[in-house]
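Taking it in order: structure first as structure tokens, then the write-up.
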Amino acid sequence: MAALSTAAGRVALRPSVWARVGWVLLAVYVVYALGRLDFSWPRFVTGLDNGARFFARMLPPRVAQPDSLLQGLTESLEIAILASCIGILLSLPIGLLAARNLMPAWASWPARALIAATRSFHPVIVAIIFVKAVGFGALAGIGALVVGSVGFIGKLFAEAIEEISLKQVEAIRATGAPFMNVITYGVMPQVFGRFIGFATYQLDSNLRNSTMVGIVGAGGIGGTLFSAFQRFDYDFVAAILLSIIAMIMVGEVLAAWVRGVFLEKGKVEEE
Amino acid sequence: MNAALDHAQTRTWRRFSPRQRLARFTIYFVIVAAIVASARSVEVIPEFLYDAPEQVRDLLQRMWPIAWSHYPGGVHDALMETLHIATLGTILAIAMALPIGLAAAHNVVPSRTINYLAKLVLVASRSVNSLVWALLFVAVFGPGALAGTLAIAFRSIGFVGKLVGEALEEADRGTIEALEATGASWSAQLAWGYWPQVQPAFWSVALFRWDINVRESAVLGLVGAGGIGMALDTALNLFQWNRVAMVLFSIFAVVVVAEIVVTQIRDRIL
């Protein structure tokens, strides 16, 4: 009987003290940060009011300037394609240099530092620097996205190479193959599938960012969008946003298809 | 006998079926055509390109020396605001993304309609860039950190919700079935069946998103949504390149520190 009562008094799955401390700290931080950032209930409510009016003005979407919309979208697409192409070509040697299992430390450290440096800034900030260096227009956008692509693909490519099996590399080396052949026949076949994955992902991501670099004057639809915002042309803003989303979704579907084609296993067959 | 040998010698082997070869050829062709077409029609002014080294030298000269004295008065508060925007935005995003992520996982909420609706919300959140979210919220709430925080939160919902939903769908059925057999309620199944299984994925997604948000919140100020980007925008508009250099350096430092913090925490708890 006594045993039964203690069993009933025991709590299964007792909540942990540390979890409670965590929740309290989280609550304290949220209140503190909300205070620092000047949040207030009346401001939020006025905002909701504004929001309702804002959305009313966005509907129905209206294509005020079809020419500039089409031109902006085309330019964004061109920026994304060229930046991906140049970025991928540049990141292949850099990623290879950064792979610590194939390269000596004096080659891999500078390459890794370069990759880390290109990754630390948002493409829009890089675009500001490029606008200063090469002037307003698509060239600045291409430059900014090339920098971003080198950082992303270079890092993932280096990591993919670091994970390969060295047995095949050794086998090719043992035949006395020169360095380039070791890369072509020992390393590339092992990382090709993942490389296709990064490359299509990067094209996708460049397409998204190419619609934004225009905000700082680096070409593409972003400039049209920003100026429509500043003129309070909210129905045109809605039209631009819908067309950007449509373009990105088409890009995503195409990228998934390309991945499917390349990652499908080949069927060895006789002809 | 001889004919069979002849046949064996003249046989050719192919790695891919004709359909696969056609698909690959089409992709290569489209890629090359797209690159050529873009390179021919994109508007590049060659004079600007030749001038670039000169301009970069000029830029670096103007940026040097970095205006360190500008930090206490003009940069520090904005930098802290950026960190608050990123952190608070991430917390808000997680709070909103968890229910949507649950609704998107078919094994947790067995209704295709609800799954589909939740996935639609997640896709919509991800297809709008955080700068566009910021522009929208600036138009609604006026310039300031509130717009920035909401922009970060709304952009992150899609990312966090998608990854949490996928982690839930990969959860092992065994534990859940055992709980079901004891008559555990739906919420108890979530707390004691799903949560322990998705916990590592959840923390790594949350940390990863915070890291991304620190980078992203640094640019939101360019469209008026608060944080260090506002300081950057002011310095750029006034052509105070020494101060621009100071702001860029502080962004770089914060991003590096954030990455180190995330790596350290991940190594400790995962």
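Since every read-out is calculated from the coordinates, none of them should be taken as a lab result. This is a predicted model, so every value here is computed, not measured. For neighbour counting, all protein chains shown are included, and Cβ atoms are generated from backbone atoms with ideal geometry for every residue, glycine included.
Structure values in brief
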{"read-out": "In Hz, Karplus ³J(HN,Hα) per residue of region A:148-155 (6.51, -1.76, 1.60; θ = phi - 60°; x = Gly, Pro)", "value": "x, 5, 4, x, 6, 5, x, 5"}
{"read-out": "Kyte-Doolittle mean at least 0.0 and Cα axial length at least 18 Å: DSSP H helices in chain B", "value": "B:18-41, B:76-104, B:112-127, B:145-169, B:241-269"}
{"read-out": "Residues whose placed amide H lies under 5 Å from that of residue B:17, excluding near-sequence neighbours", "value": "A:267"}
{"read-out": "DSSP-loop GluC sites (Glu not before Pro) across region B:119-201, with at most 10 other Cβ within 10 angstrom", "value": "none"}
{"read-out": "Taking A:122, B:70 and counting other C-beta atoms within 10 Å, the order from fewest to most", "value": "B:70, A:122"}
{"read-out": "Fewest-first ranking of B:156, A:91, using other Cβ atoms within 10 Å as the exposure measure", "value": "A:91, B:156"}
{"read-out": "Rough spin-label spacing in nm, given labels placed 7 Å along Cα→Cβ, for residue A:21 and residue B:234", "value": "4.0 nm"}
{"read-out": "Over region B:110-149: Kirkwood hydrodynamic radius from C-alpha pairwise inverse distances, Å", "value": "11.6 Å"}
{"read-out": "Ratio of Rg to Rh over region B:152-270 (Cα coordinates, Kirkwood Rh, two decimals)", "value": "1.20"}
{"read-out": "Net lengthening on full extension, residue B:107/residue B:13 (0.36 nm per residue, minus Cα-Cα)", "value": "29.3 nm"}
{"read-out": "Region B:43-112: chymotrypsin sites (Phe, Trp or Tyr not before Pro) falling in loop per DSSP and having at most 16 other Cβ within 10 Å", "value": "B:68"}
{"read-out": "Per-residue Cβ neighbour rank within 10 angstrom, fewest leading, B:155, B:19, B:40", "value": "B:40, B:19, B:155"}
{"read-out": "Sorted largest first, extent of region B:1-144 alpha carbons per principal axis (Å)", "value": "93, 60, 28"}
{"read-out": "Computed Rg/Rh of chain B, alpha carbon atoms with Kirkwood Rh", "value": "1.15"}
{"read-out": "P(r) histogram, all alpha-carbon pairs of the protein assembly as shown included - 10 Å bins from 0, percent", "value": "3, 14, 24, 25, 18, 9, 4, 2, 1, 0"}
{"read-out": "Cα pair count fraction exceeding 13 Å, expressed as % - region A:134-175", "value": "67 percent"}
{"read-out": "Kirkwood hydrodynamic radius of region A:192-255, from inverse mean 1/r over distinct Cα pairs, in Å", "value": "12.7 Å"}
{"read-out": "Using θ = phi - 60° and Karplus 6.51 cos²θ - 1.76 cosθ + 1.60, couplings along region A:87-103 (whole Hz; Gly, Pro as x)", "value": "x, 5, 4, 6, 6, 4, x, 5, x, 5, 5, 7, 6, 6, 7, 10, 10"}
{"read-out": "Under Karplus coefficients 6.51, -1.76 and 1.60, residue-wise ³J(HN,Hα) of region A:30-43 in Hz, glycine/proline x", "value": "4, 4, 4, 5, 4, x, 4, 8, 6, 7, 8, 4, x, 5"}
{"read-out": "Separation between Cα centres of region B:117-148 and region A:38-72, rounded to whole Å", "value": "11 Å"}
{"read-out": "Range of Cα positions in chain A per principal axis (Å), largest first", "value": "84, 75, 48"}
{"read-out": "Relative frequency of Cα-Cα separations exceeding 22 Å in region B:136-209, percent", "value": "43 percent"}
